[in-house]
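Worksheet: the structure to be examined is printed underneath.
Just so it is clear, none of the values below were taken in a lab; they were calculated from the coordinates. Since we're looking at a predicted model, the values are computed, not measured. Using ideal geometry, Cβ is built from the backbone for each residue, glycine included, and neighbour counts are taken over all protein chains shown.
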Amino acid sequence: MWDGIFTGLSTAVMPFNLLMVVVGCFAGTFIGMLPGLGPISAVALMIPITYGLDPSSGIILMAGVYYGAVFGGSTSSILINAPGCASTVVTSFDGYPLAQQKQAGKALALAAYSSFTGGTIGAIILLFAAPALASVSLSFQSSDYFGLMILGLTAVAAFSGKGQVLKALIMTVFGLMIATVGTDLSSGTPRFTFGNIDLIDGISFLLLAMATFALTEVVMTVLKGQHKEEEEEMDMNSLGSMKLSRDEVKHVAPTIGRSSVFGFLVGVLPGAGATIASFMAYGLERNLASAKEKLKFGKGALRGLAAPESANNAASTGSFVPLLTLGIPGSGTTAIMLGALIAYGIQPGPRLFIDNPDVFWSVIISMYFGNLVLLILNLPLIPYISRLLVIPRPILIPLILFFSITGVYLVSFNTFDIHMMAIITVIAIFLKLLEFPMAPMLLGFILGGIMETNLSRALVISDGSLAFLWERPLTLSIVTVAVLVLCAPPLLELRNKHRAAKGEATDRGPEAAINEGEG
Amino acid sequence: MNICKDHIGGMTFLLLSVAYGYYAGQIPLLPGDEYEPFTAQTVPNALAMLGGILSIALLVTADRGEGSGLKLRGYDFSLVAKLLALVVFFALALEWIGFLLATIVFLIGGYWLLGERRVKTLLVASVPFAVGIWAILTQLLDIYLAPGALFNQIFGG
């Protein structure tokens, strides 16, 4: 393991890779601050750039953008009460009241320290958890993989919030359907191409990710008329002090520790991700607080700000565990990274640890660097970075549109792709208006190909019988967990309805508030 | 009965699943595939079934409460349509007038559609940017960008 760590360290400290971390964090912070654009869009916008880099640098850049975007999201949550993404919605609960009390500087600093600690604790656990899990997963067979993919896909649906489970499942199936377009890899027959040569290779992952996340998100802001809104003036001179007193540090330290470990564990679960981690950590902290302190939550409680901030960063780190060890992304953002890794010809999974130790370890180590950069460079520069937000929307929106379109065009040099993007954007807007979540579709699309390969292998080995699902104890347990994960939310909902009918008060906690699990 | 968002969504996906299932049956099979446990049709058939079941489930359990109807008021569809038309136009322009000019036209068009009318801003925010990107791509990264077909026809390719 230590060999690997040193390889990773030497890759991560290469000047170019360090530069990538810094650039990634800055770009991510900027994009994350723009309301409506979250980590998924930020990472999607980076894909075309990373195609020209070598795999470790590319992934390091993306990881930097990921943290940067989460951090940028918290900044706009605190300063202007406009969360850049779902995972920083909770940050605004207590962060914005603090900013209103002229303590924006303190809130930003606390957010940065909590994120840093969350990220650091997450990175340390990852350092030990990932290789352990990777060595266990070496014994996995195709039937186990098939089971894991089912688990990953159902988990995303199950965690997608109240009343959204069915819709998320439908979107997952839709993603799997899109993945079948193109030439079938095992038999070589074209499927669903309708004689169109441009579809023979299937729909590219980059195109789908850019169209559904970058392009659609921007167009949605236009649709809602948000581009006309004037950006709320931020008075950078009244940020207040960025220092925390010793008492305040003592007050929040246990919260940060608890929420970091908790956030990491939630992040490891496939499909849960940063959004759910931040909501749950906030709920946990409120439940643990004394009755007197509970009243402060929502009015600028330091603990209420520290908990979600450390949890969402730890969860972002945690979501790399299933990605790097099993090849199953835990969230929409890691799904995009999985796609990028596959495009490099690197198959994340247990073999990654053995075949590409430099990629594996440099990602983990650069995550830590990313946290350092955010703390040392980004925090003091926040007043300046947020000035960039002053660029008027009518100028900014066409530029983002241009970057997302040319990002796809410059990889394929095929104008058909641009038409395709426009069509997919129209479909995505229609689905968004009907409140269908987009992340499960992308996840289904990315996992679709691998899932089909593993299913075909498992079926051929077991001679066409579905018995492989229950013959191996490991497969059986994974499938059982998947079924449980899928059945639990509707059953809980039924029970709650039953209780409500009996007149009992039901408190589902803050999780019920999550309707968008796209973290 | 009120038609709500879930009904529209469920119906859309039901139709999609039926169409998908129909075309899944049209996928050509290789000789001898009928004896194979896994063919190019296996997964599409399963997905069509699954999609059908899930969309029927959504139709049955549709949320009919208040606020579940599709509200389209307050959305600026015409502007979005114009922007997407501009995107399609950009794709056509790329083929005919080349990357540099197409970019300038696209950006000016985008700024204009979103309400920017000052000629100076329109030009300053588009021309230097487009030239800069073009220079980075062609000069720095050595990426070949085909000149538009129009220039090829006028000056000879």
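Across B:72, B:29, B:58, mean-square fluctuation computed from a Gaussian network of chain B (C-alpha pairs under 10 Å connected) peaks at B:29.
For B:136, B:143, A:450, what ranking results if the residue with the fewest other Cβ atoms within 10 Å of its Cβ goes first? Intermediate results must be reported in sequence, preceding the final value.
Working: B:136 11, B:143 14, A:450 19.
Least to most surrounded, the residues fall as B:136, B:143, A:450.
Among B:79, A:295, what is the fewest-to-most ranking by other Cβ atoms within 10 Å?
Numbers: B:79 17, A:295 11.
Least to most surrounded, the residues fall as A:295, B:79.
Would you work out which of A:446, A:490, A:458 lies farthest towards the positive end of the dipole of the stretch A:410-508? Charges go on Cβ: Lys and Arg +1, Asp and Glu -1. Sorting the options by dipole projection puts first A:490.
Report, please, the projected area of the stretch B:77-155 averaged over directions, based on the convex hull of its C-alpha atoms, in nm².
Numbers: hull surface 23.5 nm².
Averaged projected area of the stretch B:77-155's Cα convex hull equals 5.9 nm².
Remark: A:477, A:319 ranked as A:477, A:319, counting other beta-carbon atoms within 10 Å and listing the fewest first. The angle between the Cα long axis of helix B:42-60 and the main principal axis of chain B comes to about 80°, on a 0 to 90 degree scale.
Regarding the stretch A:337-428, what's the average projected area of the Cα-atom convex hull, expressed in nm²?
On the way: hull surface 36.8 nm².
Result: 9.2 nm².
Ordering A:116-125, A:168-177 by mean Cβ neighbour count within 10 Å, with the highest value first, yields A:168-177, A:116-125.
Shielding of A:459-466 by partners, i.e. mean partner chain Cβ atoms within 10 Å per residue? Can you show the working numbers first?
Working: counts 4, 3, 1, 1, 1, 5, 1, 1.
So the per-residue partner count for this stretch is 2.
Compute, for the stretch A:366-509, the length of the dipole vector about the Cα centre, with Cβ point charges of +1 (Lys, Arg) and -1 (Asp, Glu) only. Units Debye, rounded to 20. Show your work: numbers first, answer last.
Values: 10 positive and 8 negative charges, 96 e Å.
For this selection, approximately 460 debye.
A viscosity of 0.890 mPa s and a temperature of 25 °C, combined with the Kirkwood radius over C-alpha pairs in the Stokes-Einstein formula, give the stretch A:116-211 a diffusion coefficient of 145 µm²/s. Across all C-alpha atoms in the protein assembly as shown, the radius of gyration and Dmax reach 24.9, 82 Å.
For residue A:497, which lysines qualify as cross-link partners when the Cα separation must be under 21 Å and same-chain residues fewer than eight apart are set aside? Correct list for residue A:497: A:162, A:167.
Evaluated at q = 0.11 Å⁻¹, a Debye calculation over the C-alpha positions of chain B (equal weights, vacuum) places log10 I(q)/I(0) at -0.82. Looking at the stretch B:5-60, the pairs of alpha carbons with a distance over 19 Å make up 36% of the total.
The stretch A:134-158 and the stretch A:71-119 have their alpha-carbon centroids 35 Å apart.
Shielding by partners for A:185-198, please: the mean number of other protein chain Cβ atoms within 10 Å of each residue's Cβ.
Details: counts 1, 6, 10, 2, 8, 3, 9, 6, 0, 2, 0, 0, 0, 0.
Whole-number average of other-chain Cβ neighbours for A:185-198 is 3.
Mean partner shielding of peptide B:102-115, defined as the number of other chain Cβ atoms within 10 Å of each residue Cβ, is 4. What you get for chain A, charging only the Cβ of Lys and Arg (+1) and of Asp and Glu (-1), is a dipole of about 1400 debye around the Cα centre.
Could you tell me how many cubic angstrom of Cα convex hull volume the stretch A:398-490 has per residue? Walk me through the numbers before you get to the answer.
Working: hull volume 16.1 nm³, N = 93.
Value for the stretch A:398-490: 173 Å³ per residue.
Taking every alpha-carbon pair in the stretch A:263-409 and binning the separations at 5 Å intervals from zero gives 2, 9, 12, 13, 14, 16, 16, 10, 5, 2, 1, 0 percent.
Can you give the longest stretch of chain B with no exposed loop site, where a site means trypsin sites (Lys or Arg not before Pro) in a DSSP loop (not H, G, I, E or B) with at most 16 other C-beta atoms within 10 Å? The answer is B:1-63. For chain B, the longest principal axis of the alpha carbon atoms and the long axis of helix B:5-25 meet at an angle near 80°. Cross-link pairs exceeding 23 Å between alpha carbons, from the set A:432/B:82; A:228/A:432; A:299/A:432; A:243/A:292: A:299/A:432; A:243/A:292.
Over the Cα atoms of the stretch A:390-451, what is the Rg over Rh ratio if Rh follows Kirkwood?
Values: Rg = 14.5 Å, Rh = 13.8 Å.
Ratio value, two decimals: 1.05.
Note on the stretch A:241-296 and the stretch B:120-157: Cα centroid distance 51 Å, given to the nearest whole angstrom.
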